[in-house]
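Structure first, then comments.
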Amino acid sequence: MDAANCRFPKLSMQWLLAVSMYLLTWGSPGVHGYLLRSSSRCMLIPRSMALCYDIGYSEMRIPNLLEHETMAEVIQQSSSWLPLLARECHPDARIFLCSLFAPICLDRFIYPCRSLCEAVRNSCAPIMACYGYPWPEILNCNKFPVDHNLCISTITDETTSSRRMPQASCRDCELEEASTAKEILENICANDFTVKIRISRKNTTSTISAFDLDSKLEVLKHGPLLRVEIHPKLQHWLDLDATCVHNIMRGTHTGVYVISGEVQNDKVFVNKAYAWHKKNRNLQLAVRRFQQSLLY
């Protein structure tokens, strides 16, 4: 993932105003808060810090709440979280991480609330576990203040939000090489559905929910899916598993692909993806043979 070109949505002004109002109405800082503030300095968030650049405020404190003492260390450590954010495991994951990596430059350090940590952990930790990474001890939610103290709380209301939280998935998809027509044909037969689609990147500066599915698609095999539900389910797949789509597109802005996958619990999972172009004769031959088999 190109960290320098990765951009994310800005935080809402509502959140920034809420923090400011807390500071105005809260008492003078305690000794601990004073020591933290006096030992730190404000610095501009650089463009190369993709995790938190353009988040809604421009300055952060160094050392941060994870005790990173240089900007180079912050950039290096924060970039390791970009693949997880690409999975969109929780809508407030970026807010939580940036409150620690790039604390806003105010009169005192503002920690994330324990409830925010727990919400992000409960949704993101299972996905991290798929790749052998446990939730780190440095992000132990018990270290953070309970919600009635001054802290950054959850912005997303999971009880009323229409956004579905991603479920843990250990599946990774890559763009396949069309080795032989026979192998491709076997893959089509082994999967529940196969569709020829065009994917476009909505915003060239973002890899998070930045893909769109052309309204016209060619259904080669629909399996248990109704034809009318294939497009919305595939669009949901694009939004839910941005990392998979990013791997398939390999940095291109638009492309046509033949994808095959399974249907589980009313959701689609893509297992195979092939780029559709003139040079890919094995893919074209496999598709043609499959279409011919349906006539008999």
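Every number here is computed from the coordinates shown, using simple stated rules; none is lab data. Fair warning: this is a prediction, and the values are worked out from it, not measured in the lab. Every residue, glycine as well, gets a Cβ built from its backbone with ideal geometry; the counts of neighbours run over all protein chains shown.
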Original post:
Given a Förster radius of 25 Å and the C-beta distance between residue 174 and residue 229 as r, what FRET efficiency does 1/(1 + (r/R0)^6) yield to the nearest 0.05?
Top reply: 0.45
**OP:** Compute the length gained on full extension between residue 285 and residue 58: take 0.36 nm times their separation in residues and subtract their Cα-Cα distance, giving the result in nm to one decimal.
**Re:** 76.3 nm
Subject >> Under 16 Å from the Cα of residue 143 - aspartates and glutamates, other chains or at least 8 residues apart >> reply: 67, 118
Subject >> Among the listed pairs 182/278; 196/233; 182/202; 216/267; 202/279; 233/272, those beyond 23 Å (Cα-Cα) >> reply: 182/202; 202/279
**OP:** Mind listing the long-range amide H neighbours of residue 193? Cut-off is under 5 Å, sequence gap 5 or more, other chains count too, H placed in the peptide plane at 1.01 Å from N.
**Re:** 261
Original post:
Suppose R0 equals 51 Å; then what is the FRET efficiency for residue 277 and residue 142 from their Cβ-Cβ distance, rounded to the nearest 0.05?
Top reply: 0.45
**OP:** Quickly rank 247-254, 92-99, 178-185 as a protection proxy: mean count of other C-beta atoms within 10 Å, highest first.
**Re:** 92-99, 178-185, 247-254
Subject >> Among 255-263, 62-70, the order from most to least packed when residues are scored by Cβ within 10 Å on average >> reply: 255-263, 62-70
